[in-house]
1. Could you check how many residues of the stretch 20-73 are within 16 Å of the ligand (Cβ to nearest atom), free of Cβ contacts under 8 Å to residues at least 40 places away in the same chain and among the hydrophobic types (A, V, I, L, M, F, W, C)?
2. Just a yes or no: is a residue in the stretch 229-240 out of contact with any His (no Cβ under 6 Å at 6 or more places or on another chain) and under 29 Å from Tyr17 (Cβ atoms)?
3. Step by step: first the residues of the stretch 64-114, then only those that are among the aromatic types (Phe, Trp, Tyr) and modelled with pLDDT of 95 or more, then the one that is nearest to Tyr312 (Cα to Cα). Which residue is that?
4. All but one of (1) crowded, with 20+ Cβ neighbours inside 10 Å; (2) more than 16 Å from the ligand (Cβ to nearest atom); (3) closer than 19 Å to Tyr291 by Cα; (4) not aromatic (Phe, Trp, Tyr) hold for Pro247; state the number of the condition that does not hold.
5. State whether the residues of the stretch 122-145 include one that is assigned to a strand (DSSP E or B), among the small types (Gly, Ala, Ser) and either within 16 Å of the ligand (Cβ to nearest atom) or surrounded by fewer than 24 Cβ atoms within 10 Å (Cβ to Cβ) (or both).
6. Within the stretch 175-224, work out how many residues are surrounded by fewer than 13 Cβ atoms within 10 Å (Cβ to Cβ) and not in a helix (DSSP H, G or I).
7. Can you report the number of residues in the stretch 182-197 which are among the hydroxyl-bearing types (Ser, Thr, Tyr) and modelled with pLDDT of 90 or more?
8. Within the stretch 29-56, can you find the residues that are buried (at least 21 other Cβ atoms within 10 Å of the Cβ) and assigned to a helix (DSSP H, G or I)?
Amino acid sequence: MPKDKKYSAIITALGMYVPDKVYDNKYFESIVDTNEEWILTRTGIRERRILEKGGTSVLATNAALDLMQRHNVKAEEIDCIIVATVTPDMFFPGAVNAWGFDLEAACSGFLFAFQNGCALVESGQYKKVMVIGADKMSSITDYTDRNICILFGDAGAAVLIEPTEDKSLGLQDSILRVDGSGEDSLHMRGGGSLNPPTHETVDKKMHYIYQDGKAVFKVAVKGMADVSYELMQKNNLKSDDIAYLVPHQANMRIIDATAQRMGLSKDKVMINIDRYGNTTAATIPSCLVEYYRNGKIKKGDKIILSAFGAGYTWGASYIVWAID
Ligand code: UT7
């Protein structure tokens, strides 16, 4: 964060959308060789939502509309829209006056998009920037692969970022990282310019996510815990200072390890993996939406957002909550 910046970027409105269709753990027993107990104990997931019709824009648009309706924000007021997603269906149409773009950083997508959105607001050039994390993970999930299909779900969530002159609020600091060494362990090789869709790429299932779970697990635990702890130290934050950790929801065991490293008790960790699974770019903002709506976050709360994902991409951001 530039020290001489005029404005701080704060979250002023929130919205989310999950589709109605539920795949619970029992359902997976009927399609692959697995069991409820394994899924719950190894991941923390009980169920996830699946979008049956339409693409990611359905998730993103509905999250944006939810935000606008609840907080009385008009489309023409929005200056810019940034959509973090790895499953785009088309350019997000959205508002009448806004410009915008998609940003792809897998499970760290929301964090990276949030950083960009805040920078636009801090510059003083834009007053209302909407950042949306939305993914239809079911569109790139192989439902015959038990290693993968139990993990993911579909969701969208949005935050509105606005400027304030009170620099004690809003985004205070971030540490964001990218490192291509994760390519072999977590990828989707088909569909891009390197392997455009052909019969062969489809036959080889190259349009589905591939993950070496064990390899990713190890680096995710270390990456997320390290960066969150580093951010605490850099900002002289003790465990008691922190109201919440908002971790990417990939695996309950990764979340627990991160919280432990930060010295945080369970009640200080935002969780919704049990109900939605891993929704990639939507995990962090959907947690914020739900805890905010349940009256669990208050103005002045110090919150650490933290993510780890494909690439590898990872990072953590420190925000001070600005609204009641
Ligand atoms: O969000 C992006 C970043 N991604 C992550 O952070 C995910 C990181 N990885 C993980 O969350 C975990 O590694 C998984 C949940 C994916 C897997 O858990 P694990 O404890 O690492 O299991 P494993 O991959 O070591 O597999 C243990 C055993 C294997 O059997 P063998 O080879 O030991 O006989 C798997 O074949 O569990 C088996 N297994 C299953 N068994 C029942 C894998 N998937 C299933 C399943 N049901 N669905």
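The values are calculated or read from the model by the stated rules, or taken from the named source; none is laboratory data. All figures in this text were calculated on a predicted structure; none of them were measured in a lab. A quick note on method: Cβ atoms are made from the backbone with ideal geometry, for glycine too, and the neighbour counts reach across all protein chains shown.
1. Total meeting the criteria: 2.
2. Within the stretch 229-240, the subset out of contact with any His (no Cβ under 6 Å at 6 or more places or on another chain) is 229-240.
If we keep only those that are under 29 Å from Tyr17 (Cβ atoms) too, we end up with none.
No, the conditions are met nowhere in the stretch 229-240.
3. Phe112
4. (2)
5. Within the stretch 122-145 (the criterion being assigned to a strand (DSSP E or B), among the small types (Gly, Ala, Ser) and either within 16 Å of the ligand (Cβ to nearest atom) or surrounded by fewer than 24 Cβ atoms within 10 Å (Cβ to Cβ) (or both)), the answer is yes, since at least one residue qualifies.
6. 9
7. Residues flagged as among the hydroxyl-bearing types (Ser, Thr, Tyr) and modelled with pLDDT of 90 or more within the stretch 182-197 amount to 1.
8. Ile39, Thr43, Thr56
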